[in-house]
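J.: Once you've had a glance at the structure underneath, I'll fire off some questions.
The values are calculated or read from the model by the stated rules, or taken from the named source; none is laboratory data. Since we're looking at a predicted model, the values are computed, not measured. Positions of Cβ are generated from backbone atoms using ideal geometry, with glycine treated the same way; all protein chains shown enter the neighbour counts. The area values use the complete protein model at the heavy-atom level, side chains included, leaving out ligands, DNA and RNA. Shrake-Rupley method; radii C 1.70, N 1.55, O 1.52, S 1.80 Å.
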Amino acid sequence: MGKPKNIIEKIWEQKVVHREAGKPDLLYIDLHLIHEVTSPQAFEGLRIKGRKVRRPDLTFATMDHNVPTIDREKVNDPIAKEQMDTLKKNCEEFGITLFDMFHPNQGIVHVIGPQLGLTQPGKTIVCGDSHTSTHGAFGALAFGIGTSEVEHVFATQTIWQHKPKTLNVHIEGELGAGVTAKDLILAIIAEFGTDMGTGYVIEYTGDVIRNMTMEDRMTICNMSIEAGARAGLVSPDETTVEFLRGRPYAPKGEEFEKKAKEWLALASDEGATYDKVITFDASKVEPQVTWGTNPSQGAPISGRTPIIAESDDPEGVRLALEYMGLEENQPITSIEIDHVFIGSCTNSRLQDLIRAAEIVKGKKVKEGVRAIVVPGSTLVKMEAEKLGIDKIFKEAGFEWRHAGCSMCLGMNEDIVPPGGRCASTSNRNFEGRQGKDARTHLVSPEMAAAAAIEGRFVDVRNYEKTPILT
Amino acid sequence: MEAFVKHTGLVVPLNRTNVDTDQIVPKQFLKSVKRTGFGKHLFHNWRYNEDGSPNESFILNDPKYKDATILIAGENFGSGSSREHAPWALLDYGFKAIISPKFADIFYNNSLKNGLVLVEIDEAQVDKWMKEAEEGELRLTVDLETMTVSDDKGVSVSFEIPEYNRQNIMNGWDEIDLTLQLEDKIREYEQTRLY
Ligand code: SF4
């Protein structure tokens, strides 16, 4: 045995196709996921040069960013329609499997990869979408790429990458009751900032992470990009293996057991070192609410918006509060919302919907609040309906939608109107993200559900819950 | 892409930190299936009023900066999504180089792949040039050969850019062509190591 290695180093060494001084490494890509928004120009590039997709069998496409979530038959925006039609044409021409709007495997690209078992430990996974980091929850090296790189992967199944530095975010202590993975990652970003991970790949470690479900790990890894890192991952363990067992694209039978051993061996070795280590105490985390226009501008539910003069970045804070229509030193619980969005690749899996439904069950959405639930995939939607979760939401006054990105980025009709204020389970609260002049507060599904009922933010830890899985 | 060795141009100061890709090109403009024509949507929400008229108070609309080809901005420029529309829009508008104390990762990479030169220099110098650009007329020269950016008063600062990208940009090379020269290696990898 040589020097102990971390998982990032192990995967990297397995994937180098070519190495030459003064250049980045040429890495092999095991899985390439594509969607309608960032792929058309890449296909166009191939066509202009008469190139092919090298490995259509390692490439999977879905439609998520601008699919309609009310009525699948009605794509009102002609340009969105053109993008979807273009994807369909391109997939046919280049021989790529496509899960279109009507396919049962359709969904947000980062929800369906894991759900189908395409996402596996040790794989290099890329997609023209920054939240590709989500797949890192499985111990895969997964990162977002731009359209030129999409074209490059199409043509060569490889990518030029500088070996990243490694950052270990080590979580100590335990999460309190009613505090979720979303709160944890928001609290980490609030403390260390949106550039904490710039230039690094993060590995999250600690008992809290080990005890988390795969869904929670995905929520954490999803937001690595909001911490500035291109990728974030968790070493695979039995939880990972059990999640993948029996999934449609996972290996079967003996082959699965063999693979599972290889996967487990990828986990960081005892004593592995990193370029940087950050330790964070989970026990101090409360449910979080962002008050500003980047994900680090957040506060605990018992907290207040900052005092401008006392902050490190007074001008930034002032601009953010102004955009958000908030006062300085305002209690978070005094913020009233008029929109609620439960969805996005951060929090739209079955577990998220169950937890939100437990808060909602038997209650009513506050008058004047428009609340929507958008499952992360068509399969999540079907499973939730089997459990009667759709009814719980609908009876409470939520809208129950088809799967897609929806109000996370408002590329379809699902937008927050100007000046509207939304409790959102998504990952970005940038200006105009959910609609022009819309105000976004990032929260967990539980917090969003309680906000829908109360019309303002409340501490979900003291909130009544009704179990729905008995 | 267009080769870039050295460029001198007028600087427009965008005195903001954390300028994210949603600001650079709002998502309603991402639906095109083409690579060109994004320049008119650059900074749309800041640049235009509700009725589509130019917002006079936004710096890019100040006639003084009409011919600017270099943008200087606060730290963490380009954070957010992986949309390559951001560098496409900046290039299409006419920018050749962006200067900031720090760029977001994916944006950095996307920009270099498209030949948009990103100059990462120390914050104090950014602040100085920002001020000069705001108060007067600042011209800077970005030189990829020497990896320096300099003004006409003799201030010259070096910056780093990965050697690989530097060569590609200076020569205007197509990266896919370069990689395809390694086709044998890729095939060998697939035959021996792929699982
Ligand atoms: S849900 Fe939001 S963050 Fe996730 S892929 Fe879709 S648009 Fe991107």
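J.: What are the extents of the Cα atoms of region A:290-462 along their three principal axes, listed from largest to smallest and rounded to whole Å?
T.: 52, 35, 25
J.: To the nearest 100 Å², how much accessible surface do chains B and A hide from each other in total, with a 1.4 Å probe? If you can, show how the numbers build up before the last one.
T.: Values: alone 10970 and 18400 Å², together 24260 Å².
The buried area between B and A, both sides summed, comes to about 5100 Å².
J.: Assigning unit charges at the beta carbon (Lys, Arg +1; Asp, Glu -1) and nothing else, what dipole magnitude in debye, to the nearest 20, does region A:290-462 show about its Cα centre?
T.: On the way: 21 positive and 24 negative charges, 138 e Å.
So the magnitude is around 660 debye.
J.: Could you give the alpha-carbon Rg of region A:7-163 over 2.2 N^0.38 Å, rounded to two decimals?
T.: So region A:7-163 has a normalised radius of gyration of 1.05.
J.: Take residue A:82 and residue B:40, extend 7 Å from each Cα along the Cα→Cβ direction, and tell me the distance between the two endpoints in nm.
T.: So the two model labels end up 1.2 nm from each other.
J.: Run the numbers on region B:87-120: which residues show a drop of 40 Å² or more in accessible area, chain on its own versus all protein chains together, using a 1.4 Å probe over heavy atoms?
T.: Checking the loss per residue gives B:102, B:105, B:106, B:109, B:113.
J.: Quick check: the distance between the Cα centres of region A:246-309 and region A:405-470, to the nearest angstrom?
T.: Region A:246-309 and region A:405-470 have Cα centres separated by 21 Å.
J.: While we're on this one: Roughly how many percent of the accessible protein surface of region B:3-110 is carbon and sulfur, given a 1.4 Å probe and a whole-percent answer?
T.: 50
J.: Percent of accessible area on region A:7-163 owned by carbon and sulfur, 1.4 Å probe?
T.: Heavy-atom surface of region A:7-163 belonging to carbon and sulfur, 1.4 Å probe: 53 percent.
J.: Now for a different question. Filter A:259/A:284; A:261/B:102; B:31/B:96 down to the pairs with a C-alpha to C-alpha distance above 30 Å, please.
T.: From the list (A:259/A:284; A:261/B:102; B:31/B:96), the Cα-Cα distance tops 30 Å for A:259/A:284; A:261/B:102.
J.: Mind listing, in residue-number order, the residues in region A:25-72 that have at least 40 Å² less accessible area with every protein chain present than in their own chain alone (1.4 Å probe)?
T.: In region A:25-72, residues shielded by partner chains: A:28, A:41, A:44, A:51, A:54.
J.: Further question: Given the Cα atoms of region A:33-124, and with Rh set as the inverse mean 1/r over their pairs in the Kirkwood sense, what is Rg to Rh to two decimals? Provide the component values of the computation, followed by the final result.
T.: Details: Rg = 13.5 Å, Rh = 13.9 Å.
Here the Rg-to-Rh quotient is 0.98.
J.: If we restrict to alpha carbons, what Rg and Dmax does region A:391-470 come to, in Å?
T.: When restricted to the Cα atoms of region A:391-470, Rg and Dmax are 13.5, 43 Å.
J.: Expressed as a whole percentage, what fraction of the accessible surface of region B:135-195 belongs to carbon and sulfur atoms when a 1.4 Å probe is rolled over the protein heavy atoms?
T.: It is 43 percent, rounded to a whole number.
J.: Over chain A, what is the relative contact order in percent, taking alpha-carbon pairs closer than 8 angstrom and at least six residues apart? Don't jump to the answer; show the numbers that get you there.
T.: On the way: 1133 pairs, mean separation 80.1, N = 470.
Here the relative contact order equals 17 percent.
J.: Moving to a separate point now. Starting from the Cα of residue A:103, move 7 Å in the Cα-to-Cβ direction to define the label point; list residues of region A:341-381 whose amide nitrogen is under 14 Å from there.
T.: Flagged as within label range: A:378-379.
J.: Hey, got a sec? Which GluC sites (Glu not before Pro) in region A:345-446 land in a DSSP loop and have at most 13 other Cβ atoms within 10 Å?
T.: Answer by residue number: A:367.
J.: Just grab the label-to-label distance for residue B:56 and residue A:49, each label 7 Å out from Cα along the Cβ direction, in nm (one decimal).
T.: Result for the modelled spin labels: 4.8 nm.
J.: Report the semi-axes of the equivalent ellipsoid for the protein assembly as shown in whole Å, largest first, where each axis is √(5λ) for an eigenvalue λ of the Cα gyration tensor.
T.: Semi-axes, largest first: 35, 31, 25 Å.
J.: Now a separate question. Could you report the protein assembly as shown's accessible area per residue, 1.4 Å probe, as an integer in Å²? Let's see the in-between values first.
T.: Numbers: 24260 Å² over 665 residues.
Each residue of the protein assembly as shown exposes 36 Å² on average to a 1.4 Å probe.
J.: Let me ask you something else. What whole-number distance in Å separates the alpha-carbon centres of region A:180-220 and region B:26-65?
T.: First find each Cα centre; the distance between them is then 35 Å.
J.: Return, ordered by residue number, the residues of region B:1-30 whose backbone nitrogen is under 11 Å from a label point located 7 Å along Cα→Cβ of residue B:145.
T.: Answer for region B:1-30: B:5-7.
J.: What do you get for trypsin sites (Lys or Arg not before Pro) in region B:29-131 restricted to DSSP loop and a cutoff of at most 15 other Cβ within 10 Å of the site's Cβ?
T.: Passing sites in region B:29-131 are B:34, B:66.
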